[in-house]
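Q: Please read through the structure below; I'll follow up with questions.
The values are calculated or read from the model by the stated rules, or taken from the named source; none is laboratory data. For clarity, every value in this text was computed on a predicted model and none was experimentally measured. Methodologically, a virtual Cβ is constructed for each residue, glycine included, from the backbone with ideal geometry; neighbour enumeration extends over all protein chains shown. These area figures cover heavy atoms from the full protein model, side chains too; ligands, DNA and RNA do not enter into them. Shrake-Rupley method; radii C 1.70, N 1.55, O 1.52, S 1.80 Å.
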Amino acid sequence: MTILALYVINRAGSLIFDHDFSPSNMGVEVTFTYPFEIILKEEPNGLVVSFGCRDGIKIGHVLVSINGVPVSGCHMSDGGDVREFLSRPENYPVSVRFSKLKPNVNERIMLSSMFNTIYHMASQLSPEKKSTGIQEMETSAFTLHCLQTLSGLKFIYLSEPKTQGVDVLLKKTYELYVDFALKNPFYNLEMPVRCELFDKNLMLLIEQSEKVISGNF
Amino acid sequence: MTVYNIYIFNCDGQCIYYWQWERSGDSNVSQVEEFKLMYGMIFSIKSLINRLSPIDVDNQFGSFATNKNRLHFYETQSKLKFILNTDLQADTGKVHEILKEIYTGYYVQYVVKNPFCDIKGVSIESSLFTKKLNCFISSLSIA
């Protein structure tokens with residue numbers, strides 16, 4: 001029962017604030033013996049699993065670390081090639097961590113304008129008159145809660161499925177935005193939020209809410 | 001529980017069936033355009049949630065809610081998509097079962113097994129399917 005991410009989208013549909021709360025040690029760590037049976041494909045964002053699902057490793061996962069040492073792209077921390085390392089039998093047994101790659105900045109900007117479009121489509125396609133757009137969305141992996149303020153700003157929380165109390169959290173986040181971003185004399189409207197106090201208070205709010213949420217169960 | 005309308009899309013994205021029970025709002029576009037918009041929205045949502053998901057790669061879209069209604073989505077292995085709009089009181093788990101029931105109990109029974117129905121066709125032209133589906137949905141509305 002945790003909050004995974006927060007996105008704030010302005011009236012025009014561009015991303016003005018986002019934060020990822022999900023733990024960095026997500027994914028699966030598996031110890032392999034020689035030979036390494038998973039087929040990896042080189043892609044711009046790293047080595048992606050293209051064949052050989054096992055033990056929770058799925059197609060689309062990215063290789064993130066070997067023996068606990070992070071990997072950047074196709075190279076190990078010492079500069080060696082990952083695939084060459086994995087092809088040598090003397091390096092085994094080896095423990096490899098795979099995880100879903102999080103969207104990068106450009107992707108997050110694109111996804112938020114995509115959400116903005118979907119929001120308006122949902123309101124147009126509603127069978128009732130004067131309907132708003134998406135307020136809550138359920139998927140198998142997460143639940144999305146969205147609050148649109150009267151000025152058209154959207155606050156979006158991604159949380160684990162069946163998390164309670166996100167509606168309250170959304171309103172409190174809006175209050176924080178008003179208090180620490182809007183009232184900040186150096187903040188320009190509709191521009192990305194870079195306010196230290198907002199960040200600090202947001203972290204406090206999330207910490208508190210996680211205690212409350214987990215306290216309910 | 002109020003059921004507003006149902007859309008069934010085939011694997012090519014064509015709306016093969018639409019029926020409405022209660023609907024007050026209008027999408028301000030022709031019906032053909034509305035079907036395209038609906039399919040486009042579902043397609044975008046599926047792509048969005050797969051990329052947005054911080055946890056997993058394969059992620060199924062279940063439903064979304066606006067302040068007036070909830071849209072439920074069910075996709076079969078053969079990429080047939082069932083979309084049902086209900087009011088907000090409807091339980092998501094229950095409606096998911098209803099959509100499965102519409103597929104196995106009504107679509108398969110009265111369309112796939114119907115020799116006069118062309119399942120490769122652009123729309124379901126079976127009055128039996130409509131009649132049975134109407135009975136089923138109206139029995140839900142009372143409960």
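Q: Do you know which residues across region A:1-29 are out of contact with any helix residue (DSSP H, G or I) (no Cβ under 8 Å at 6 or more places or on another chain) and modelled with pLDDT under 85?
A: A:SER22, A:PRO23, A:SER24, A:ASN25, A:MET26, A:GLY27, A:VAL28, A:GLU29
Q: Could I ask something else about it? Which residues, taken from region A:130-147, are in contact with a Lys or Arg (Cβ under 8 Å, 6 or more places away or on another chain), surrounded by fewer than 21 Cβ atoms within 10 Å (Cβ to Cβ) and either modelled with pLDDT of 90 or more or at the interface with chain B (Cβ under 7 Å from one of its Cβ atoms) (or both)?
A: A:SER131, A:THR132, A:THR143, A:LEU147
Q: If you go through region B:22-54 one residue at a time, how many are in contact (Cβ under 8 Å) with a residue 12 or more places away in the chain, surrounded by fewer than 16 Cβ atoms within 10 Å (Cβ to Cβ) and hydrophobic (A, V, I, L, M, F, W, C)?
A: 1
Q: Can we say A:SER123 is over 24 Å from the mean Cα position of the chain (by Cα), of a type in the set (Gly, Ala, Ser) and more than 9 Å from chain B (Cβ to nearest Cβ)?
A: So A:SER123 does not fit the description; no.
Q: If you don't mind, there's one more thing I want to ask. So, in region A:37-55, of the ones that are in contact with a Phe, Trp or Tyr (Cβ under 8 Å, 6 or more places away or on another chain) and open to solvent by less than 40 Å² (accessible area, probe 1.4 Å), which residue ends up farthest from the other protein chains (Cβ to nearest Cβ)?
A: Out of the qualifying residues, it is A:ILE38.
Q: Continuing with the same structure: Return the residues of region B:76-90 that are farther than 20 Å from B:ARG23 by Cα and either among the polar types (S, T, N, Q) or surrounded by fewer than 12 Cβ atoms within 10 Å (Cβ to Cβ) (or both); say none if nothing qualifies.
A: If the condition is that a residue be farther than 20 Å from B:ARG23 by Cα and either among the polar types (S, T, N, Q) or surrounded by fewer than 12 Cβ atoms within 10 Å (Cβ to Cβ) (or both), then B:THR76, B:GLN77, B:SER78, B:LYS79 are the ones that fit.
Q: Out of all the residues in region B:55-63, is one or more outside any helix (DSSP H, G or I), more than 13 Å from the chain's Cα centre (by Cα) and surrounded by fewer than 14 Cβ atoms within 10 Å (Cβ to Cβ)?
A: The answer is yes; a qualifying residue exists.
Q: While we're here: Taking the conditions exactly as written (among the basic types (Lys, Arg), on the phi < 0 side of the Ramachandran plot, outside any helix (DSSP H, G or I) and within 13 Å of chain A (Cβ to nearest Cβ)), does B:LYS46 satisfy them or not?
A: no
Q: Give the residue that is surrounded by the most Cβ atoms within 10 Å (Cβ to Cβ), with candidates limited to residues of region B:119-131 that are part of a helix (DSSP H, G or I) and within 16 Å of the chain's Cα centre (by Cα).
A: B:PHE129
Q: Which number in (1) in a helix (DSSP H, G or I); (2) free of Cβ contacts under 8 Å to residues at least 40 places away in the same chain marks the one condition that B:PHE73 misses?
A: Failed condition: (1).
Q: Then there's this: Write out, first by first residue and then by second, each pair whose Cβ atoms fall under 8 Å of each other, whose residues are 6+ apart or on separate chains, and whose first residue, in region B:118-143, is at pLDDT 90 or above while the second is hydrophobic (A, V, I, L, M, F, W, C) and part of a helix (DSSP H, G or I).
A: Short answer, once both residue conditions are applied: B:PHE129/B:VAL111; B:LEU133/B:ILE102; B:PHE136/B:ILE102.
Q: Additional query: Would you confirm whether any residue within region B:56-63 is among the aliphatic types (A, V, I, L, M) and either within 14 Å of chain A (Cβ to nearest Cβ) or in contact with an Asp or Glu (Cβ under 7 Å, 6 or more places away or on another chain) (or both)?
A: The answer is yes, given that some residue of region B:56-63 is among the aliphatic types (A, V, I, L, M) and either within 14 Å of chain A (Cβ to nearest Cβ) or in contact with an Asp or Glu (Cβ under 7 Å, 6 or more places away or on another chain) (or both).
Q: Further question: I'd like the full set of residues that are under 16 Å from A:VAL30 (Cα atoms), open to solvent by 70 Å² or more (accessible area, probe 1.4 Å) and assigned to a strand (DSSP E or B), limited to region A:56-93.
A: Within region A:56-93, just A:PRO70 meets the criteria.
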